[in-house]
Amino acid sequence: MLKPTPQASQSHCAEPGDAFLRALYERHGYVLVRFAARLLGGDWHRAEDVLQEAAIRAWQHASELDPSAEALRPWLFAVVRDLVIDGYRVRRARPPEADEEGLGRLPVPDGVDRALTTQVVVDAMRDLAPFQREVLLHMYYMGRSVSQTARVLGVPPGTVKSRTHYAMRALREGLSSRGLSAA
């Protein structure tokens, strides 16, 4: 934003500043707000804000500008256009704002889903044969390899693989019958 020079600040007393702004709004205000609204997709409230900012920038250069001159209009159009572009860039650079209603609909992890899913899995595991449940506990819960599980259970590695395959299939069916899909 442009800053007024000390001389310009001193030369703007309330009445000349008011007269400058009044003439600017009377001569160019309607056209500029329509132009801004068109650039902003019909948002008249933002267009009025843009017009006010453009008027402030013009007022800061009042000693160099004549508000009644037609030559001022292209400069004002350029200022309005630049302000709209700057506003667009600012909105794109920051995340969108959320209203309180939208925040109320955001899911909050409370552990209930996890607890219910765990209970369903435990129930489905109870339906497995003991040797199937045992191989799954060693392979997935304890994180043992096929050879480690075979050594602990005292069975060949091929048996561990076969039991794991059939246990997983039975577990998938048990979960599916309880309304959970196994990934």
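Values in this text are rule-based calculations from the coordinates and carry no lab data. Here the structure is a predicted model, which is why all the values come from computation and not from measurement. Methodologically, a virtual Cβ is constructed for each residue, glycine included, from the backbone with ideal geometry; neighbour enumeration extends over all protein chains shown.
Some observations on this one:
- Taking label positions 7 Å along the Cα-Cβ direction at both Phe77 and Thr118, the computed distance is 6.8 nm, reported to one decimal.
- At an R0 of 41 angstrom, the distance between the Cβ atoms of Asp86 and Ser181 translates into a FRET efficiency of 0.25.
- A prolate overall shape is assigned to region 130-183, the ratio a/c of its alpha-carbon gyration tensor axes (a ≥ b ≥ c) being 1.5 or greater and a/b exceeding b/c.
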